[in-house]
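Here's the structure we're looking at; comments come further down.
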Amino acid sequence: MSERTAFVNARLVDPISNRDEKGALLVENGVIADLGPRLFADGVPKGTATVDCGGHVLAPALIDMRAHLREPGEEEKETIETATAAAAAGGIGTVVALPNTDPPMDNPALVEFVIRRGREAGQVRVEAYAALTQGTKGERMTEFGLLSAAGAVAFTDGTKAVANPQTMRRILSYARPFGLLVVQHAEVPELANGGAMNEGELAARLGLSGIPVMAEAMMIERDLRLVAATGARYHVAHISTGEGVELVRQAKARGLPVTCDTAPPYFGLNETAIGNWRTFAKLSPPLRSEDDRQAIVAGLADGTIDAIASDHAPQDQEAKRLPFIQAEPGAVGFETLLPLTLELVHGKRLSLSAALALLTARPAAILDLPRGRLAKGAPADLVLIDLDKPWKIDEAALLSKSKNTPFGGRPVQGWALRTVVAGKTVYQRGA
Amino acid sequence: MITPAEPKRFPHRHILGIEGLSPDEITYLLDRAERFVDMGRPKEGKLDLLRGRTIINLFFEESTRTRTSFELAGKRLGGDVVNMAVQHSSIKKGETLIDTALTLDAMHPDVLIVRHPCSGGVELLSQKVTCSVINGGDGSHEHPTQALLDALTIRRRKGRLQGLVVAICGDVAHSRVARSNIHLLTTMGARVRVVGPRTLVPPVFERFGVEVFHDMREGLKGCDIVMMLRLQLERMQGTFVPSIREYFHFFGLDYAKLAAAKPDALIMHPGPVNRGVEIDTEVADDLDRSLITQQVEIGVAVRMACLEAVVGANVANGAR
């Protein structure tokens, strides 16, 4: 006896096929068996469970291509269990775990461990990056081939840049025939050194040393030269500056195999969110100027930026209740990813389809994941979204083990009503 | 006998920085401090304006003159002053700034004087305590009592602040003294210049409403006041300027460069002075031109005024 669930009375939105129509969708054994405007026009057959979508948007579940799950090593901040529960509440069906754990995910056993723990948690799908260099020290490359065989979907040192140009050149060169994706935290460490926020007037006023925009732009420039020489696939993570976006725009125009993502703080906030030393607004890369923020929005609107990731980085009180310079960077992001992206839709900067593509099909394409679409035979990873629901982001209500959001108190519109992974409901609001 | 200050005149519980203080509030503190200066050292040894009040000096960073100055100020007002030597206490054992704040707060002091090596460290602490906090210097951010004492020193010699041309010279980028002085002097209508090598005086300072110069003679031209900053010698190697010798040659204050300023221009320095690095010894010791020792003397009076003001604000706001 197969398991069948009918999602009826839905607004089906699939960015890849440009579908946006009223209709129904049938899930059978964890896979989308059928969908369309006329499906179940004559009623749902007996023996099929029914979910009435109430006219809300039914879309592919979100694919979050950057998240720190903190396990193993920093379970006091987050665990795979708590992280995947928070992700499910955010409408996310797949999270890709960054390798900055303790120890870092630089060997096949650790990559397998994280993927297995994700499976055991039984909420959302957990994919994993592997470190680019051993210990994420930026010196010796990891076992790319063996790590991909163990399940690593791409390679990055996460919050650290590979600074040495010779090391990066060899990494890109070696990765090319494997077809592997190299993801860079684009920041020249020596230029960022000691910096706690964006360089500029506000940093000067607060007496904090700043991280200049050029720290990002110079690293991207250097890497693009190496990409041009090697032909390897290269991705700029959490791009934060207008100059960075422009470099990627030009590289794409030249036909280089380059992609990039950003995260909600970089289009939803600027450096003034730091106010008087709000450490929840201390991020890496730092929040930038208003001009940069607008350039990120423009990059999302014209397609230069390929994906929006949560950049979920849980930090506990001990890591944040410190003088600004000493506080750890990062913000939680799973439960705010969708509403903050929808701000761009409500603000008429992106169409709904384009916004959802940035959260689903496009990151899936970058990582070569067979998800992020509504199509017959595709995995039934779905999110039901109330686009207009007004609510206020409340730190205390977050499911994540850490509550460090810079968006606390922000009024937003839209949230996930239900998240389905492989046909199974892993989250239902109010349930 | 000096009468207690009018509490309503200074509404703030803390003095964390000059930025945000109004010209009236600054003038009030300076006027109050001036009365303490004029009164001189109290004959009976002490006033009783802070009798029964407890003041804790909490210094997370080495300091001799600021800590001593606050200690004297508190004692001259009749308060009980306790010095915490933080370098040797529990902070070294990993206790956080906030834990320390909560522990001290539980002892119910009236005022905490705090110096901290991190910008914003003092404000963070102030958010966690119920008493008043006076910033004794936080990182590269602010050092409000230094700016107040500098302003009073200038006002007593020049009779005003409005319209004076003041050049602040040296390591502006890393200096909390420079920031507090820029805020205070621009708020009070002085014309402020910052002068030094571009690595230590970045152009972003123009956004503070000051003029930026990278040449001493140009920067000092027509100045009323030359304020020299202390150089952090450990920063001098290689990255910010090539050498002390080169720095002194181009940016150290000697008579040749001082000649560009007004003939009656006065010289200030927050101390301690690196002789032969940022200032020539003869210039520093020139009794006609240098205000360096007067700054120290006036510092005690200014800190008396600040202590009195925050305690008065608390009385006005109903605390204690």
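Numbers below:
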| item | result |
| --- | --- |
| Residue within segment A:223-234 that is under 22 Å from A:Ala67 (Cα atoms), in a strand (DSSP E or B) and either out of contact with any Lys or Arg (no Cβ under 6 Å at 6 or more places or on another chain) or at pLDDT 95 or above (or both) present | yes |
| Residues satisfying the stated conditions in segment B:178-188, i.e. surrounded by 24 or more Cβ atoms within 10 Å (Cβ to Cβ) and under 19 Å from B:Asp138 (Cα atoms) | B:Ala178, B:Arg179, B:Ser180, B:Asn181, B:Ile182, B:Leu184 |
| Tabulated pairs, segment A:176-190, first surrounded by 20 or more Cβ atoms within 10 Å (Cβ to Cβ), second of a type in the set (Ser, Thr, Tyr), C-beta under 6 angstrom, 6+ apart or interchain | A:Val182/A:Tyr234; A:Val183/A:Thr156; A:His185/A:Thr159 |
| Selection from segment B:136-168 of residues that are within 14 Å of another protein chain (Cβ to nearest Cβ) and either modelled with pLDDT under 95 or assigned to a loop (DSSP other than H, G, I, E, B) (or both) | B:Gly139, B:Ser140, B:His141, B:His143 |
| Meets criteria (away from every other protein chain (no Cβ under 14 Å), over 29 Å from A:Pro108 (Cβ atoms) and surrounded by fewer than 23 Cβ atoms within 10 Å (Cβ to Cβ)) for A:Arg225 | yes |
| Every residue from segment B:95-122 that is within 12 Å of chain A (Cβ to nearest Cβ), crowded, with 24+ Cβ neighbours inside 10 Å and not in a loop (DSSP other than H, G, I, E, B) | B:Val114, B:His116, B:Gly121, B:Val122 |
| Residue match in segment A:122-143 (condition: without any contact (Cβ under 8 Å) to a residue 60 or more places away in the chain, hydrophobic (A, V, I, L, M, F, W, C), closer than 25 Å to A:Ala364 by Cβ and in a helix (DSSP H, G or I)) | no |
| Selection within segment A:260-279 - surrounded by 22 or more Cβ atoms within 10 Å (Cβ to Cβ) and among the hydroxyl-bearing types (Ser, Thr, Tyr) | A:Thr262, A:Tyr266, A:Thr279 |
| Residues that are part of a loop (DSSP other than H, G, I, E, B), within 17 Å of A:Gln315 (Cβ to Cβ) and either away from chain B (no Cβ under 14 Å) or in contact with a strand residue (DSSP E or B) (Cβ under 8 Å, 6 or more places away or on another chain) (or both), drawn from segment A:257-279 | A:Ala263, A:Leu269 |
| Conditions (1) touching a Gly at 6+ places or on another chain (Cβ under 7 Å); (2) buried (at least 24 other Cβ atoms within 10 Å of the Cβ); (3) on the phi < 0 side of the Ramachandran plot; (4) in contact (Cβ under 8 Å) with a residue 60 or more places away in the chain: number failed by A:Lys282 | (1) |
| Residues (surrounded by 15 or more Cβ atoms within 10 Å (Cβ to Cβ), over 18 Å from A:Gly93 (Cα atoms) and of a type in the set (D, E, K, R)) located in segment A:47-74 | A:Arg70, A:Glu71, A:Glu74 |
| Subset of segment A:99-122 (residues that are under 17 Å from A:Leu62 (Cα atoms) and at pLDDT 95 or above) | A:Gly118 |
| Exclusive hit being under 25 Å from A:Val96 (Cα atoms), of a type in the set (Phe, Trp, Tyr) and outside any helix (DSSP H, G or I), set A:Trp391, A:Trp415 | A:Trp415 |
| Near pairs, Cβ below 6 angstrom, 6+ apart or cross-chain, from segment A:287-310 (in contact (Cβ under 8 Å) with a residue 60 or more places away in the chain and under 20 Å from A:Glu201 (Cα atoms)) to any residue that is among the β-branched types (Val, Ile, Thr) and outside any helix (DSSP H, G or I) | A:Arg288/A:Thr241; A:Asp292/A:Thr241 |
| Test: residue in segment A:290-313 that is within 14 Å of another protein chain (Cβ to nearest Cβ) and either in contact with a Pro (Cβ under 6 Å, 6 or more places away or on another chain) or over 25 Å from A:Ile63 (Cα atoms) (or both) | no |
| Given (1) farther than 28 Å from B:Val204 by Cα; (2) crowded, with 19+ Cβ neighbours inside 10 Å, number of the condition A:Phe324 does not satisfy | (1) |
| Filtered residues of segment A:1-59 (kept if among the charged types (D, E, K, R) and without any contact (Cβ under 8 Å) to a residue 12 or more places away in the chain) | A:Asp42, A:Lys46 |
| A:Leu300 vs. criteria in a loop (DSSP other than H, G, I, E, B) and surrounded by 19 or more Cβ atoms within 10 Å (Cβ to Cβ) | no |
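For (1) farther than 29 Å from A:Leu358 by Cβ; (2) within 14 Å of chain B (Cβ to nearest Cβ); (3) within 21 Å of the chain's Cα centre (by Cα), each residue gets a yes or a no:
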{"position": "A:Ala152", "(1), (2), (3)": "no, no, yes"}
{"position": "A:Gly179", "(1), (2), (3)": "no, no, no"}
{"position": "A:Glu187", "(1), (2), (3)": "no, no, yes"}
{"position": "A:Glu199", "(1), (2), (3)": "no, yes, no"}
{"position": "A:Thr241", "(1), (2), (3)": "no, no, yes"}
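The values are calculated or read from the model by the stated rules, or taken from the named source; none is laboratory data. It should be emphasised that the depicted structure is a prediction, and the values quoted were computed from it without experimental measurement. We place every Cβ from the backbone using ideal geometry, glycine too, and count neighbours over all the protein chains shown.
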